[in-house]
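The values are calculated or read from the model by the stated rules, or taken from the named source; none is laboratory data. In this text, all values refer to a predicted model and were calculated from it rather than measured experimentally. Cβ sites come from the backbone with ideal geometry, for glycine too, and all protein chains shown count toward neighbours.
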Amino acid sequence: MKALSIVSTFLLLFSTQAELPDKYNEALVPAYELPEVLIKENGERVEDALAWSDRRAELLQLFAEHMHGHVPAGVSNEIFPKVRKQVDFLDGRATLREVRVHFVEPDGPFMDLLVILPAGEGPHPLFLGFNFGGNHTIHPSRDISLTESWVKKIRWMPEGAVVDHRATDLGRGCCHRWPVEDMIDSGIGLATAYYGDVDPDFDDGFKNGVHAIFGQPKKNEWGSIATWAWALSRAMDYIETVPECDSEKVAVFGHSRLGKTALWAGANDTRFAMVISNNSGSGGAALTRRRFGERLQDGNTMFPYWFSKRFHDYNEKEDTLPIDQHQLLALIAPRCLHIASASEDLWADPKGEYLSAYHAAPVYELLGKQGLGKEVRYHKRHGKHDVMPFDWQQFINTFQSEVIFAD
Ligand code: GCU
């Protein structure tokens, strides 16, 4: 397996553009015209912050209507948090708290939120993001409870970490993507939950997770990504009630499908001071109209429940979609945005991720910010689709310089 991946890396690095599959051939990217970010549906140009707030509302509606789906009318945002554990952590350098956040009613469906904060009263800034394998995978400590939810065995998990879709002790600390100690040593906390608590990531016809109580979505109502994003806002509702957390300094983070989720959460919920997308690719930071790497219909085919059913109308018809992803990034303005790509992650179209940030920047400028290179950061690391310590160093730097020490 290892040998194979070395060979494929070698091939990728040393093959010329012409030898790559068509979907990775820059010469085959068609000419495209991006929908304007600063021109309203009625043709009016947006010239100031007031006009932008109308345009922002319009774009949010377009993304909900055509892509992610609306949160169904009548969905209650009420949460019922129950603290289940609170202990010292990392030899007293931190505290660890486990909170079961029930949705809608005291015994409703829940997500188990793990909150690790630097020691001391605070309030502490923090990262918030979903994890792929259960809270127990992010750090080996036995203080972290095993997830009780349905889990999928992912290739980076050791043998036996998941048995019959249930987590075991063998999965403790198996995910290298969360440098908890570096965060704490930088004075930043972490709140994380397993995304499958909210909606298990398989095509179950919207019968489990929170959909068990909210029911079958209509054609223009939420898919799983919008549901996960909604739950990130519910996590923020909880964070706002914790005096040790600085709810004005929360960076919402996500990798890959969870990067798409973080972007949609950050676009909707302006309480997030910073939004971080790591390798989010198609339906995330990458421009759809470039048709490079993963295309709209690829995601809709492999994961038909991620976006609304309405989004499927645009399969192979990217140019008819009234939106593109630079407009999603612009919805985060003037808040801090960090987009990260990886050089070998062509499926996620690193160039399309960069261009999207580039085309969102005029909105930051309109709002009196500098944009690219300051509130909008982009980095591309060498290597594969993943979250590495290098990525976190960049996120921590941006968070510290643009949010924590910004004033
Ligand atoms: C697939 C999918 C991507 C997604 C990724 C992930 O590769 O096509 O859109 O980002 O899975 O979440 O790991």
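Table for the structure above
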quantity	calculated
Residue in region 209-225 that is under 14 Å from the mean Cα position of the chain (by Cα) and in contact (Cβ under 8 Å) with a residue 12 or more places away in the chain present	yes
Lys380 vs. criteria in contact with a strand residue (DSSP E or B) (Cβ under 8 Å, 6 or more places away or on another chain), within 23 Å of Ser186 (Cβ to Cβ) and surrounded by fewer than 22 Cβ atoms within 10 Å (Cβ to Cβ)	yes
Residue selected from region 353-371 under the condition farther than 16 Å from Arg56 by Cβ and in contact with a strand residue (DSSP E or B) (Cβ under 7 Å, 6 or more places away or on another chain), by the criterion surrounded by the fewest Cβ atoms within 10 Å (Cβ to Cβ)	Tyr358
Region 376-407, residues that are touching a residue at least 40 places away in the same chain (Cβ under 8 Å), part of a helix (DSSP H, G or I) and under 19 Å from Ala333 (Cα atoms)	Phe395, Thr398, Phe399, Gln400, Glu402, Val403, Ile404
Number of positions in region 189-201 that are buried (at least 23 other Cβ atoms within 10 Å of the Cβ) and farther than 14 Å from Leu114 by Cα	3
Residue tally, condition away from the ligand (no atom under 11 Å from the Cβ) and farther than 24 Å from Arg177 by Cα, over region 268-296	10
Given (1) part of a helix (DSSP H, G or I); (2) surrounded by fewer than 16 Cβ atoms within 10 Å (Cβ to Cβ); (3) at pLDDT 95 or above, number of the condition Ala64 does not satisfy	(2)
Some residue of region 302-315 being more than 30 Å from Asp48 (Cβ to Cβ), buried (at least 22 other Cβ atoms within 10 Å of the Cβ), among the aromatic types (Phe, Trp, Tyr) and in contact with a His (Cβ under 8 Å, 6 or more places away or on another chain)	yes
Some residue of region 252-259 being away from the ligand (no atom under 16 Å from the Cβ) and surrounded by fewer than 24 Cβ atoms within 10 Å (Cβ to Cβ)	no
Yes/no for Leu321 being surrounded by 21 or more Cβ atoms within 10 Å (Cβ to Cβ) and either within 14 Å of the ligand (Cβ to nearest atom) or on the phi < 0 side of the Ramachandran plot (or both)	no
Criterion: polar (S, T, N, Q), surrounded by fewer than 21 Cβ atoms within 10 Å (Cβ to Cβ) and in a strand (DSSP E or B) - qualifying residue of Ser233, Ser247	Ser247
Per-region count, region 345-362, residues over 24 Å from Val46 (Cβ atoms), more than 13 Å from the ligand (Cβ to nearest atom) and touching a Leu at 6+ places or on another chain (Cβ under 8 Å)	0
Condition check for Ser282: over 20 Å from Ala57 (Cα atoms) and modelled with pLDDT of 95 or more	yes
Number of positions in region 130-153 that are under 21 Å from the mean Cα position of the chain (by Cα) and closer than 18 Å to Gly209 by Cβ	11
Test: residue in region 268-277 that is in a helix (DSSP H, G or I) and within 25 Å of Pro81 (Cβ to Cβ)	yes
Residue satisfying all of: in region 96-126; assigned to a strand (DSSP E or B) and of a type in the set (Val, Ile, Thr); nearest to Ser76 (Cα to Cα) among these	Val101
Members of region 127-161 that are buried (at least 19 other Cβ atoms within 10 Å of the Cβ) and part of a loop (DSSP other than H, G, I, E, B)	Phe132, Gly133, Gly134, Ile138, His139, Ile144, Thr147, Ser149, Trp150, Val151, Met157, Ala161
Some residue of region 195-207 being touching a strand residue (DSSP E or B) at 6+ places or on another chain (Cβ under 6 Å) and among the aromatic types (Phe, Trp, Tyr)	yes
Lone unmet requirement of (1) within 13 Å of the ligand (Cβ to nearest atom); (2) more than 30 Å from Lys249 (Cβ to Cβ); (3) not hydrophobic (A, V, I, L, M, F, W, C) for Tyr314	(1)
Criterion (within 15 Å of the ligand (Cβ to nearest atom), touching a Phe, Trp or Tyr at 6+ places or on another chain (Cβ under 7 Å) and touching a residue at least 24 places away in the same chain (Cβ under 8 Å)) met by exactly one of Trp264, Trp228, Trp306	Trp228
Neighbours by Cβ (under 6 Å, 6+ apart or cross-chain): first from region 321-346, more than 12 Å from Lys384 (Cα to Cα); second assigned to a loop (DSSP other than H, G, I, E, B) and among the basic types (Lys, Arg)	Pro334/Lys369
